[in-house]
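Q: One structure is given below, represented as structure tokens, and several questions about it will come after.
Computed from the coordinates by the stated procedures, all read-outs in this text should not be read as laboratory data. A quick note: this is a predicted structure, and the numbers were derived from the prediction, not measured. Cβ coordinates were reconstructed from backbone atoms using ideal geometry, including for glycine residues, and neighbour counts include every protein chain displayed.
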Amino acid sequence: IKELNHVLSIYGLSQNPNTNDYIMVLDYAEGGSLYNWVNKHYSKFDWSYKINTLFNIITGLEEIHEKQLVHRDLHTGNILSMYITLDNYNLMCISDMGLCGRVDNTDKTKLYGVMPYVAPEVLRGEPYTQTADVYSFGMIMYFVATGNQPFFN
């Protein structure tokens, strides 16, 4: 996954000697999650900026899908802004690849994700597919366009 441009790179794993907790070493995303980013900057977002943000995200998802993978947990908390200000080109990267798996894995026993980003077919017990990732992206599009979580009311 290291060669993907819009997916956060994992450089290694380490372990805290005091707590034995594992630590992943990732690219630093100074802007934080898309959820926090939009909540902080929404009043300054014009449509051009929104479309550019969504283009970054769908490019990352396309890179994942071209590798015959399914993300399985795509939501606004797992998309990170590499920059903190609106002055910079707003590069968004997909993170949290821990649940990512091959498209041919049809395990129906596990349910991952954050509501309302989980596709209806997954909630019905069908396996995760790339189509389920696209549904999650649709929910992200709604959030970026409106500044509200899908089904917030």
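Q: Nearest 500 deg cm²/dmol is fine: what mean residue ellipticity at 222 nm does the chain get from its DSSP H runs of n ≥ 4 alone, each adding -39,500 (n - 2.57), divided by its residue count?
A: It comes out at -10000 deg cm²/dmol, rounded to the nearest 500.
Q: What percent does the relative contact order of region 48-100 come to when contacts are Cα pairs within less than 8 Å and at least six residues apart?
A: 40
Q: Below 8 Å between Cα atoms, with a sequence gap of 6+, how large is the relative contact order for the chain in percent?
A: 23
Q: Classify the chain as rounded, prolate or oblate, taking a ≥ b ≥ c as the square roots of the eigenvalues of its Cα gyration tensor: rounded when a/c is under 1.5, otherwise prolate if a/b is larger than b/c and oblate if not. Present the calculation step by step, with values, prior to reporting the outcome.
A: Numbers: a/c = 1.62, a/b = 1.10, b/c = 1.48.
It is oblate, given that a/c is not under 1.5 and a/b is not larger than b/c.
Q: I've got another one for you. Using the Cα centre of the chain as the reference point, and only Cβ charges (+1 on K/R, -1 on D/E), how large is the resulting charge dipole? Debye, rounded to the nearest 20. Walk me through the intermediate numbers first.
A: Working: 10 positive and 16 negative charges, 59 e Å.
Its charge dipole is roughly 280 debye.
Q: In the chain, with Lys and Arg counted as +1 and Asp and Glu as -1 at Cβ, which of these residues, Val122, Ile58, Tyr28, has the Cα nearest the positive end of the dipole, that is, farthest along it?
A: Val122
Q: Taking other Cβ within 10 Å of each residue's Cβ, how do Tyr22, Tyr135 sort, fewest first?
A: On the way: Tyr22 9, Tyr135 18.
Final ranking by Cβ density, sparse to dense: Tyr22, Tyr135.
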